[in-house]
Amino acid sequence: MGTFGFNNRSLVVFVLVALSFRQYSQVSGLLLSKVRVTLINQLESEQSLTLHCRSKDDDLGRHVIPFMHAYEWKFYVNFWGTTLFWCNFWWRDADGTLIDGSFKIYEYERDEDICFNMCVWGIHENGLLLYHKFVDKWEKLYRWPMPEKRRRRKRIP
């Protein structure tokens, strides 16, 4: 059989088949399941929402989302199921106070069973809500961190 045995051939065939199924979108990754993430600005004060989303491999840039508009992107979950996207958000409340926070927006282990391939987030003044596709229900997963201005008011006597 020479130096190229059966086990090596099987490995080469497996790699070639796997590579033939490899597809890319705007965001890199091996084809397992294509996911769409949608972030909807539902701030009750009708303020614009600024966001900047990224993963370990992809920086989606900064975007300003007007009230009741959305930002959306698509990607493939990586082969290992470790795909993670997080976003920084910021906006100003009615008093002009900067509200900002950084949150995990797509985490394969959490979101596989919640939203599968279509994750929709509602961004509200009281927090971030994720739509549970299979039970037709919104769940608040995150609250905004306390603004810096309010933290400074607390003084120790």
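The values are calculated or read from the model by the stated rules, or taken from the named source; none is laboratory data. Everything numeric here is computed off the predicted structure, so don't read it as measured data. Don't worry about glycine lacking a Cβ; one is built from the backbone with ideal geometry, like all the others, and counts go over all protein chains shown.
Listing for the model above:
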| quantity | calculated |
| --- | --- |
| Residue that is nearest to the chain's Cα centre (by Cα) [pool: residues in the stretch 39-53 that are surrounded by fewer than 16 Cβ atoms within 10 Å (Cβ to Cβ) and at negative phi] | His52 |
| Matching residues in the stretch 87-119 - criterion: being of a type in the set (Phe, Trp, Tyr), part of a strand (DSSP E or B), farther than 12 Å from Gln47 by Cβ and in contact with a Ser or Thr (Cβ under 8 Å, 6 or more places away or on another chain) | Tyr106 |
| Count of residues meeting criterion [under 30 Å from Ser45 (Cβ atoms) and either outside any strand (DSSP E or B) or without any contact (Cβ under 8 Å) to a residue 12 or more places away in the chain (or both)] in the stretch 68-86 | 2 |
| Glu44 vs. criteria closer than 24 Å to Arg143 by Cα, out of contact with any helix residue (DSSP H, G or I) (no Cβ under 7 Å at 6 or more places or on another chain) and either at pLDDT below 90 or in a loop (DSSP other than H, G, I, E, B) (or both) | yes |
| Residue in the stretch 116-127 that is at positive phi and modelled with pLDDT under 95 present | yes |
| Selected residue (criterion: surrounded by the most Cβ atoms within 10 Å (Cβ to Cβ)) from residues of the stretch 120-143 that are of a type outside the set (Phe, Trp, Tyr) and in contact with a Ser or Thr (Cβ under 8 Å, 6 or more places away or on another chain) | Val120 |
